Amino acid sequence: MAKLSIEDLKKIKESVQASVNLREGGYRAKVNIHMGTCGIASGARGLMTAVMNEIEKGDIKDVIVTTSGCAGLCSREPMITVELLGDAPVKYIDLTPEKMREIFSEHVLGGKVLEKYALAVGSETTF
Amino acid sequence: MAMKVFRSHLLMCAGTACVSCGTFRVRERLEKELKDRGLDEEVKVVITGCNGFCAEGPIMVVYPEGIFYGQLKPEDMPLIVEEHILKGRPVPKLFYKEPVKKEVIPLLKDIPFFGLQVLRVLRNRGLIDPENIDEYIAKDGYVALHKAVTQMTPEQIIAEMKESGLRGRGGAGFPTGDKWEEAGKYKRFPKYVICNGDEGDPGAFMDRSVLEADPHAVLEGMTICAKSIAANEGYLYVRAEYPLAIKRLNQAIEQARSYGLLGKDIFGTGFEFDAYVYPGAGAFVCGESTALMFSLEGKRGMPRAKPPRSAEAGLWGQPTVLNNVETFANVPRIILNGAKWFNSLGTEKSKGTKVFSLAGSVNNIGLVEVPMGITLRSIVFDIGEGIKNRKKFKAAQLGGPSGGFVPEHLLDTPVDYESLEATGAIMGSGGIVICDESTCMVDSARFFTNFCVEESCGKCVPCRIGLTVMLHKLEGIVGGKGQEGDVEFLEDLGRHIVRMSHCGLGQSAPNPVLSSIRHFRHEYDQHIKDKHCSSLVCTPLIRFEVNPEKCKMCGLCLKACPSDAVTWEKKQPAKINQELCTKCKSCIRACKFWAIE
């Protein structure tokens, strides 16, 4: 590789930043996918793939994805909880990968709660 | 060059301590489990340097949650993957359990061992992959070097270092800025920069952990130093017993070279510097700067008389700066954040933080970094969380064979160079070994003296012969042949050796004996006059008799005895048959009530 300049250092830093942020709690939004047995059975895995694709495609660095167990409302799985830093968490139900993408661009990136898919705002927080 | 995105990072500690507990077997199983469940594309396993909490190894921290799992076994992996990684339910039974209150603590940041530390030198430990330069760069790596070579003159670098108040972390505490300034003054070329990684104190592992966890920080520090004194070549003298540190350093050097951060024309400024690793052959004396340089030159490692100091005539007679691993690891942050940031922590004469390796009879064995000025008590009881097996604290041994013992009543001594020296111990390179009530101070002093006799290079008489005479005296005392006047003799001889030895090894070798006499004189008297060792360590001074008043008649000694010397019946105190007893001390280890004397 050619000699590095300070710009190259910055570029490397930015490209790795997302990883390191993840380990330091430096994030703006958290997408929590409920992956209990019920969630997985009704397709939570597809949501996960969709979110990861979106993040990778958009080169997004300030969103983290976590999983959690069954939220208790198994009949409405797959579910996710979206939490923007400082805002109350929002639960979405009966999702598909398409809906997931919509939520991602509208709510996670745009900051606008998508009421048509939402179950409730400000319910219990997860870990 | 966008990086692949992972939703979760599993950081596995691969410091030497965790590796020896089986990190790689755990990792193999973990990776297999992840693959079997198709999670390997969304979850990343990162191998890091020493996390610091060696007592809990093998360790894995799961991010983004920051859940800490310790003492892992390969069999635990299916459970963690199934429950935590897949379903997001952390596994409480594998959480860290606080040893005193037995509380379960899931989050890394809530564990007192981590919470009370201030990480500067170790800021990247357990957080980045030491084998990947990009991760170091993501943590502002090499930005300080850029600043130093493009925006600062050598004088400015040295002024910043002097203002920071950083003192040599190898133990002597010589101001780093002054050393660089002196080496910069001489206009004879080539000059050299040497990193001393010949960590030889028993129980010390700071340098190893820094090299394993963050090798680039040390390289960056060395390169900045080279710029300030106009050196073009550097050596890292690392003991050969640290294969992992050497491997990671060599990788780091290769990566830095490929990025042009080492070699010719760094950052296009025309400045040239390259570094090489030199494995030491394991002589304790080679940690002494002049002996180390002779060893580097391929000669026998023996100290020489100073002056001239190494800054004037060091390696191959050329001006040389030699600093400890931890000293160099401090440099990049000082250049980047400024001297004021650095010296905002610490005491009047000791600035910044210090890394200690905590070992011995303490609950939380590991690597800790604390601000200068914290008390020893806080290190032992808050971070270390007290003594193992509910035993009593007896002494903290600081500074290895050159150091001394700090007894209980001096535990509130603040950690800085001067205060520690006043107790008879030294800051040293940072090894702290905790002794509990079952440690015999006389025997410990004998152990360290024996170490120094073995490691003395033999060049000067006080060290070579004086220490041997001290050792024989101590062996007499622990063997039951101590006489009135022995203690005074040891003190007298010890002071002579300190005054007359040639190098730091001899000048400090009597310290363990002198400080143990100073603080634990009663144990010496007990050994000599009463022919008794109350810690039950010195076998010739133990009677191997059961004290019927203390005996709880539990029969554990009977089970432990390998030579059928113990007779015991229910509700009767045990008895030891002296003819059959082989003095193996199995019964003493088994007895929970100190009933065998």
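Side notes on the structure shown:
- In the assembled protein chains, B:Met500 presents an accessible area of approximately 120 Å² (probe radius 1.4 Å).
- Extreme residue, positive dipole direction of chain B, given options B:Phe520, B:Thr539, B:Val46 (C-beta unit charges): B:Thr539
- Which listed pairs, of B:Lys394/B:Lys529; B:Lys109/B:Lys179; B:Lys354/B:Lys392; B:Lys101/B:Lys570, have C-alpha distances above 32 Å, in listed order: B:Lys109/B:Lys179; B:Lys101/B:Lys570
- The gain in end-to-end length when the B:Asp564 to B:Met500 segment is fully stretched comes to 17.8 nm, 0.36 nm per residue minus the alpha carbon separation.
- Cα-based shape type of the stretch B:167-228, given that a ≥ b ≥ c are square roots of the gyration tensor eigenvalues and the cut on a/c is 1.5: prolate
- When the residues A:His34, B:His409 are ordered by accessible surface, computed with a 1.4 Å probe over the protein chains alone, the sequence from largest down reads B:His409, A:His34.
- Highest-fluctuation residue, A:Ile80, A:Ile55, A:Ile103 considered, GNM on chain A with Cα pairs under 10 Å: A:Ile55
- Relative contact order (%) - the stretch B:483-597, alpha-carbon pairs under 8 angstrom, separation at least six: 21
- Global form of the stretch B:340-408, assessed from the alpha-carbon gyration tensor, a/c cut-off 1.5: prolate
- Pairs from B:Lys391/B:Lys473; B:Lys187/B:Lys299; A:Lys30/A:Lys99; A:Lys91/A:Lys112 whose Cα-Cα separation, in the structure shown, is over 20 Å: B:Lys391/B:Lys473; B:Lys187/B:Lys299
- Low-density loop cleavage sites - GluC sites (Glu not before Pro) in the stretch B:334-421, where at most 13 other Cβ are within 10 Å (DSSP): B:Glu348
- A:Ser75 accessible area, assembled protein chains, probe 1.4 Å, Å²: 100
- Cα gyration tensor shape for the stretch B:197-336, rounded if a/c is under 1.5, else prolate or oblate: oblate
- Computed from the C-beta positions of B:Glu28 and B:Val100, the FRET efficiency with R₀ = 22 Å rounds to 0.05.
- For GluC sites (Glu not before Pro), the sites in the stretch B:1-46 that DSSP calls loop and that have at most 14 other Cβ atoms within 10 Å are B:Glu41.
- Note on chain A: antiparallel DSSP beta bridges, both residues inside, total approximately 65 percent of the bridges counted.
- Here is the list for the stretch B:172-213: trypsin sites (Lys or Arg not before Pro) lying in DSSP coil, each with at most 16 other C-beta atoms within 10 angstrom of its C-beta, are B:Lys187, B:Arg188.
- With the simple model of a label 7 Å out from the Cα in the direction of the Cβ, B:Lys187 to A:Ser5 spans 3.4 nm.
- Given B:Lys388/B:Lys575; A:Lys13/B:Lys191; B:Lys162/B:Lys351, the pairs whose alpha carbons are separated by over 23 Å: B:Lys388/B:Lys575; A:Lys13/B:Lys191
- With all protein chains in place and ligands, DNA and RNA left out, the 1.4 Å accessible area ranks A:Thr96, B:Thr290 as A:Thr96, B:Thr290, largest first.
- Rg followed by Dmax, in Å, when the stretch B:147-255 is reduced to its Cα trace: 14.5, 42
- In chain A, the longest principal axis of the Cα atoms and the axis of helix A:6-24 are about 30 degrees apart.
- Under 20 Å from the B:Gln483 label point (7 Å along Cα→beta-carbon), backbone N, the stretch B:514-537: B:524-532
- For the protein assembly as shown, the antiparallel share of DSSP beta bridges with both residues in that region comes to about 60%.
- Divided by 2.2 N^0.38 Å, where N counts the residues, the Cα radius of gyration of chain A comes to 1.17.
- Here the Karplus relation 6.51 cos²θ - 1.76 cosθ + 1.60, evaluated at θ = phi - 60°, turns the backbone of the stretch A:55-70 into coupling constants of 5, 5, 4, x, 6, 8, 10, 10, 10, 10, 10, 10, 10, 8, x, 4 Hz, with x for every Gly and Pro.
- Counting only heavy atoms of the protein chains and using a 1.4 Å probe, A:Lys112 has close to 120 Å² of accessible surface.
- Rounded to the nearest angstrom and listed largest first, the equivalent-ellipsoid semi-axes of the protein assembly as shown from its Cα gyration tensor are 49, 38, 19.
- Normalised alpha carbon radius of gyration of chain B [divisor 2.2 N^0.38 Å]: 1.04
- Mean residue ellipticity at 222 nm, helices only, the protein assembly as shown: -10000 deg cm²/dmol; runs of at least 4 DSSP H residues each add -39,500 (n - 2.57), and the sum is divided by the number of residues.
- Counting Cβ atoms of other protein chains within 10 Å of each Cβ in A:53-65 and taking the mean gives 3.
- For the listed peptides B:542-550, B:240-248, a ranking on the average number of other beta carbons within 10 Å per residue, highest first, reads B:240-248, B:542-550.
- Only beta bridges with both residues in chain B are counted; by DSSP, about 55 percent of them are antiparallel.
- Relative packing of B:79-91, B:224-236, which averages over residues the other C-beta atoms within 10 Å, highest first: B:224-236, B:79-91
- Shielding of peptide A:5-16 by partners, expressed as the average count of other chain Cβ atoms within 10 Å per residue Cβ, is 6.
- Shielding by partners for peptide B:133-143, expressed as the average number of C-beta atoms from other protein chains within 10 Å of each residue's C-beta, is 5.
- When B:Thr539, B:Thr449 are compared by accessible surface with a 1.4 Å probe, the order from highest to lowest is B:Thr539, B:Thr449.
The values are calculated or read from the model by the stated rules, or taken from the named source; none is laboratory data. Just so you know, these numbers come straight off a predicted model, no measurement behind them. Please note: Cβ atoms are built from the backbone with ideal geometry, for glycine as well, and neighbour counts cover all protein chains shown. Surface accessibility is based on the protein's heavy atoms, side chains included, excluding ligands, DNA and RNA. Shrake-Rupley method; radii C 1.70, N 1.55, O 1.52, S 1.80 Å.
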